[in-house]
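J.: Have a look at this one.
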Amino acid sequence: MKNTTLCYIEKNGMYLMMHRTKKQNDANKDKWIGIGGHMEEFESPLDCIMREVKEETGLTLTDCTYRGLISFCSPAYETEQMHLFTSHNFEGELKTDCSEGVLEWISSDDLMALPMWEGDRIFLSLLPQNIPFFLLKLVYDTEGSLRSHQLSFCGDDRKPLLISACLLGTACRYDGASKPISDTWIKYLSDKYILIPVCGEVLGGLPVPRLPAEIQKNGSVLRCDGCDVTSAYRYGAAQILRFADLSAAKTALLKARSPSCGKGTVYDGTFSGKLCDGNGITADLLIKNGITVYTEEELSCL
């Protein structure tokens, strides 16, 4: 079994990525990955990632966080354990040339569209979330297709809870604001659950701020200017369902009356402030897949 390290270095909403185009016989050929490499004898994971970042990028990490341990299993390759780090703090000038590939700062909004291993998308989606150290097993077939995955959190017996990020104070609503619940409730929930913040609209690729949108009688989602944004809402909902699957979350706390997160009651599609019976796109998908959904108006149920 071989041991490797990988670090995602972040700056102003951008990740430093490497397009692996230069190395001969590279298992990662033409894919985009973070910065890292093989551990040498007598190296710790921290020793290795500090050395690899310096060699490949010219940067010196002044701080980094150990986020998880990823196990890669495939009949085509030796089993690999990868020690995953993130960092926001570094010094030095970025190299203009690297023997491994091409270095480029990529916006977090564009990251998932890059060619990469499917399993990489799984742990990349976890990194922005405030979650504890995790173990992730990824099983590939001989063709490089992901066949299964298994995720677990370490040293924490709390159950995972999907929660609308705006309820925790993240300014991700259509108006660029948030709708945080009280600090008392946040502490209560944090003590009881592993909180996994999500926003279906942002995950669907919509900007902050954005024009308000409401669900129509035919099930589509239109902005107030008539633009159809249904596909973005459905894509974001699918991503949240994926988080639920990855984390084994069976419960969600979502924003009431939202076209994405509302449960039981949503705005009626006329942009007049009137309400009607129904669920938001994300809430409906979660409910149909066995996830119990509450809104902030039902905090006492948690």
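J.: List pairs: first residue in segment 208-223 and under 14 Å from Ala237 (Cβ atoms) and in contact (Cβ under 8 Å) with a residue 60 or more places away in the chain, second residue in a loop (DSSP other than H, G, I, E, B) and of a type outside the set (Gly, Ala, Ser) anywhere in the structure, Cβ distance under 6 angstrom, at least six positions apart or on different chains.
T.: That search, which allows pairs on different chains as well, returns Ile215/Pro259; Val221/Val229; Val221/Pro259.
J.: Output the number of residues of segment 125-147 satisfying the condition of being free of Cβ contacts under 8 Å to residues at least 24 places away in the same chain and closer than 22 Å to Leu286 by Cβ.
T.: Count: 1.
J.: Just the residues that are surrounded by fewer than 20 Cβ atoms within 10 Å (Cβ to Cβ) and not small (Gly, Ala, Ser), please, taken from segment 247-258. Show your work before the answer.
T.: So the first thing to find is which residues in segment 247-258 are surrounded by fewer than 20 Cβ atoms within 10 Å (Cβ to Cβ), and the list is 248, 250-251, 257.
The answer is Lys250, Thr251, Arg257.
J.: Right, here's the next one. Within the bounds of segment 259-275, is there any residue that is at pLDDT 95 or above, out of contact with any helix residue (DSSP H, G or I) (no Cβ under 8 Å at 6 or more places or on another chain), surrounded by 23 or more Cβ atoms within 10 Å (Cβ to Cβ) and over 30 Å from Asp156 (Cβ atoms)?
T.: Restricting attention to segment 259-275, the residues satisfying the condition of being at pLDDT 95 or above are 259-275.
Now restrict to residues that are out of contact with any helix residue (DSSP H, G or I) (no Cβ under 8 Å at 6 or more places or on another chain): 264-275.
After this cut, where a residue has to be surrounded by 23 or more Cβ atoms within 10 Å (Cβ to Cβ) as well, the list is 266.
Right, trim to over 30 Å from Asp156 (Cβ atoms) and you get 266.
Yes, because at least one residue in segment 259-275 is at pLDDT 95 or above, out of contact with any helix residue (DSSP H, G or I) (no Cβ under 8 Å at 6 or more places or on another chain), surrounded by 23 or more Cβ atoms within 10 Å (Cβ to Cβ) and over 30 Å from Asp156 (Cβ atoms).
J.: Okay, next question. For segment 89-98, what are the residues that are in a strand (DSSP E or B) and surrounded by 14 or more Cβ atoms within 10 Å (Cβ to Cβ)?
T.: As a first pass, look at segment 89-98 and keep what is in a strand (DSSP E or B): 89-91.
The one that is in a strand (DSSP E or B) and surrounded by 14 or more Cβ atoms within 10 Å (Cβ to Cβ): Phe90.
J.: So which residues in segment 284-297 are surrounded by 14 or more Cβ atoms within 10 Å (Cβ to Cβ) and part of a helix (DSSP H, G or I), if there are any at all?
T.: Listed by number, the residues that qualify are Asp284, Leu285, Leu286, Ile287, Glu296.
J.: Kindly indicate whether Gly205 is out of contact with any Ser or Thr (no Cβ under 6 Å at 6 or more places or on another chain), surrounded by fewer than 21 Cβ atoms within 10 Å (Cβ to Cβ), in the same structural domain as Ala256 (by TED's automatic domain parsing) and within 21 Å of Leu241 (Cα to Cα). Working first, answer last.
T.: Values: out of contact with any Ser or Thr (no Cβ under 6 Å at 6 or more places or on another chain): yes; surrounded by fewer than 21 Cβ atoms within 10 Å (Cβ to Cβ): yes; in the same structural domain as Ala256 (by TED's automatic domain parsing): yes; within 21 Å of Leu241 (Cα to Cα): yes.
Judged against the criteria, Gly205 is a match.
J.: Would you please name the residue that is farthest from Leu286 (Cα to Cα), looking only at residues in segment 228-243 that are assigned to a helix (DSSP H, G or I) and among the charged types (D, E, K, R)?
T.: Pass one, segment 228-243, residues assigned to a helix (DSSP H, G or I): 230-243.
From what's left, among the charged types (D, E, K, R): 234, 242.
Values: Arg234: 12, Arg242: 10 Å.
If we take residues in segment 228-243 being assigned to a helix (DSSP H, G or I) and among the charged types (D, E, K, R), then Arg234 is farthest from Leu286 (Cα to Cα).
A quick yes/no check of all residues on (1) outside the structural domain of Cys172 (by TED's automatic domain parsing); (2) surrounded by 14 or more Cβ atoms within 10 Å (Cβ to Cβ); (3) under 25 Å from Leu246 (Cα atoms):
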position	(1), (2), (3)
Leu59	yes, yes, no
Cys64	yes, yes, yes
Arg67	yes, yes, yes
Ile70	yes, yes, yes
Gln81	yes, yes, yes
Glu100	yes, yes, no
Leu124	yes, yes, yes
Phe134	yes, yes, yes
Thr142	yes, no, yes
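J.: Hey, another quick one. Return the only residue of Lys23, Lys31, Lys2 being over 21 Å from Phe90 (Cα atoms) and surrounded by 14 or more Cβ atoms within 10 Å (Cβ to Cβ). Before you say what the answer is, go through the steps one by one.
T.: Values: Lys23 fails: surrounded by 14 or more Cβ atoms within 10 Å (Cβ to Cβ); Lys2 fails: surrounded by 14 or more Cβ atoms within 10 Å (Cβ to Cβ).
Just a single option satisfies the conditions, and that option is Lys31.
J.: Which of the residues that make up segment 183-227 are over 28 Å from Gly13 (Cα atoms) and assigned to a helix (DSSP H, G or I)?
T.: Scanning segment 183-227 gives Thr184, Trp185, Tyr188, Asp191, Lys192.
J.: Restricting to segment 225-239, give me the number of residues that are within 16 Å of the chain's Cα centre (by Cα) and not aliphatic (A, V, I, L, M).
T.: 3
J.: OK, next. Examine segment 101-109 for a residue that is free of Cβ contacts under 8 Å to residues at least 40 places away in the same chain and over 15 Å from Tyr8 (Cα atoms), and state whether such a residue exists. Steps first, answer last, please.
T.: In the first step, residues of segment 101-109 are kept if they are free of Cβ contacts under 8 Å to residues at least 40 places away in the same chain; the result is none.
Checked segment 101-109: no residue is free of Cβ contacts under 8 Å to residues at least 40 places away in the same chain and over 15 Å from Tyr8 (Cα atoms).
J.: Here's a follow-up. Taking the conditions exactly as written (in contact with a Phe, Trp or Tyr (Cβ under 7 Å, 6 or more places away or on another chain), surrounded by fewer than 21 Cβ atoms within 10 Å (Cβ to Cβ) and either among the aliphatic types (A, V, I, L, M) or within 21 Å of Lys179 (Cβ to Cβ) (or both)), does Arg223 satisfy them or not?
T.: Details: in contact with a Phe, Trp or Tyr (Cβ under 7 Å, 6 or more places away or on another chain): no; surrounded by fewer than 21 Cβ atoms within 10 Å (Cβ to Cβ): yes; either among the aliphatic types (A, V, I, L, M) or within 21 Å of Lys179 (Cβ to Cβ) (or both): yes.
Considered against the rule, which asks whether it is in contact with a Phe, Trp or Tyr (Cβ under 7 Å, 6 or more places away or on another chain), surrounded by fewer than 21 Cβ atoms within 10 Å (Cβ to Cβ) and either among the aliphatic types (A, V, I, L, M) or within 21 Å of Lys179 (Cβ to Cβ) (or both), Arg223 comes out as no.
The values are calculated or read from the model by the stated rules, or taken from the named source; none is laboratory data. Bear in mind the structure is a predicted one, so any value in this text is a computation, not a measurement. Glycine also receives a Cβ, built like all others from the backbone with ideal geometry; neighbour counts cover every protein chain displayed.
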